[in-house]
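The values are calculated or read from the model by the stated rules, or taken from the named source; none is laboratory data. Every value quoted in this text rests on a predicted model; they were computed, and no experiment measured them. When we count neighbours, we look across all protein chains shown, and the Cβ atoms used for this are built from the backbone with ideal geometry, even at glycine. Ligands, DNA and RNA are stripped out before the accessible areas are found, and what is left, the full protein with its side chains, is counted by its heavy atoms. Shrake-Rupley method; radii C 1.70, N 1.55, O 1.52, S 1.80 Å.
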Amino acid sequence: MNETSVQWSDLKLFLAVAREGGLSAAARATGSSAATLGRRMLQLERAMGRELFIRHERGYELTARAHELLVQLTDIETRIASLTARPADTRQPLVKVSAGTWTTLVLLRHHAVLSGSPPDLGLRFVQAEDILNIPRREVSIGFRNQRPADEHLATRRLQRVEFAAYAKAGAPQRWIRVLADTPSARWVAMTAGDETACEVNTPRNSLDLALAGVGVAVLPTFIGDRESLLERKGGTIGELSHDQWIVTHQEDRHLPEVRRAIDRMCAVLGESSTH
C-alpha cells in the first residue's frame, strides 16, 4: 500500500460498484456520476496498492482480492448496522424533568396522565432544589421560582405559588424545621427560635411529620390544602409567594415529546392549583 490513505467513503462506493457490477448502475444507486465513481475507484486501487477490478465493456469484474475485500466490508457494514440500530424499546422518547420537592410530588401523583394513554413518553424525574443546567441538556424541562434571563431558554408562567403553615388538629404548635437552603426553610429558621419539634434535611419529610401529628410544617398551599388530615394555621405567608415558570431550551421547545410533556404538566399543575 502506498502513502495515500484509504477513505471510508471510497470503500462505501466500492461496495456499490461491486454489487451493481458497473459504474452506470452504481451511479444510479449512489447519486454520483459514473465519471466520479471511475475516478474514485482508481484512487482506491492506488491507495490500496492492488487491482480491484478487471475493466471491460460489459462492466467491472472483481479480482480475487476484490472478492475478499467485498466479504470483509459486508461483514463490517453488518456490524455497524447492528451497533447503530434503534432498539425497539426506544419508541417512547425520554424526557428528563427537573423540579423541586413539591412540584415533583404532584407530577409523580399524575404519572399516568403525563406518560399518555397509551404511553407515548418516557419520563425521568430529577428532584432537585438546585437549578440544573438546561442549556447543557442536563434536563429537557425545568421548573423555576423566577423567570430566567438566559436567551437560549423558552419560558411559560404557570401558577402563583403560596405557602402556609399546616398541622393536624391537636398537634403541638412547634415548628418542623427543614435543614435546606430554600426560602421556606429559611423563613422557619428565623421564625421558630427554640420552638422546634423536629429537624429534617429534606422538605418531603416535613409533610410526613405534619401528617404524623408531630408539629407544624410550612407547605405550598397546593400540597397542604389537598391533605384532608391537615389544617391551616393562619393565612398565607406573603414573603414566600412567587410565580412558577416552566422552562425548556429554545431548540427543544418544538420537539413533539417535549411539547406533549409541557402541555400535560401545565394541565396537571393548573388543576392542582384550583383544588
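Things worth noting here:
- The condition of being more than 19 Å from Glu77 (Cβ to Cβ) and open to solvent by 40 Å² or more (accessible area, probe 1.4 Å) holds for only one of Arg28, Arg40, Arg65, Arg19, that being Arg28.
- Qualifying residue in region 231-243 (condition: in a strand (DSSP E or B), touching a residue at least 12 places away in the same chain (Cβ under 8 Å), of a type in the set (Asp, Glu) and over 21 Å from Thr191 (Cβ atoms)): yes
- Number of the condition not met by Arg204 [criteria: (1) closer than 19 Å to Ile176 by Cα; (2) without any contact (Cβ under 8 Å) to a residue 24 or more places away in the chain; (3) of a type in the set (Lys, Arg)]: (2)
- Residue satisfying all of: in region 191-211; more than 30 Å from the chain's Cα centre (by Cα) and polar (S, T, N, Q); most open to solvent (accessible area, probe 1.4 Å) among these: Thr191
- Unique match (being assigned to a strand (DSSP E or B) and either touching a Lys or Arg at 6+ places or on another chain (Cβ under 6 Å) or modelled with pLDDT of 90 or more (or both)) among Ala154, Ala112: Ala154
- Residue in region 199-209 that is more than 30 Å from Pro93 (Cα to Cα), assigned to a strand (DSSP E or B) and not basic (Lys, Arg) present: yes
- Any hit, region 245-267, residues being farther than 26 Å from Asp120 by Cα, open to solvent by 20 Å² or more (accessible area, probe 1.4 Å) and assigned to a helix (DSSP H, G or I): no
- Region 44-62: number of residues that are small (Gly, Ala, Ser) and either open to solvent by 30 Å² or more (accessible area, probe 1.4 Å) or at pLDDT below 90 (or both): 2
- Matching helices (runs of 4 or more DSSP H) fully within region 1-72 where at least 2 residues are of a type in the set (A, V, I, L, M, F, W, C) and in contact (Cβ under 8 Å) with a residue 40 or more places away in the chain: 8-20, 34-48
- Gly213 being more than 16 Å from Asn145 (Cβ to Cβ), in contact with a Pro (Cβ under 9 Å, 6 or more places away or on another chain), touching a residue at least 40 places away in the same chain (Cβ under 8 Å) and not hydrophobic (A, V, I, L, M, F, W, C): yes
- Residues of region 159-185 classified as outside any loop (DSSP other than H, G, I, E, B), open to solvent by 30 Å² or more (accessible area, probe 1.4 Å) and at pLDDT below 95, total: 2
- From the options Val214, Val188, residue that is part of a loop (DSSP other than H, G, I, E, B), crowded, with 16+ Cβ neighbours inside 10 Å, of a type in the set (A, V, I, L, M) and at pLDDT 95 or above: Val214
- Selected residue (criterion: farthest from the chain's Cα centre (by Cα)) from residues of region 8-55 that are under 12 Å from Leu69 (Cβ atoms) and acidic (Asp, Glu): Glu51
- Among (1) small (Gly, Ala, Ser); (2) open to solvent by 40 Å² or more (accessible area, probe 1.4 Å); (3) out of contact with any Pro (no Cβ under 9 Å at 6 or more places or on another chain) - the single one Ala112 does not satisfy: (3)
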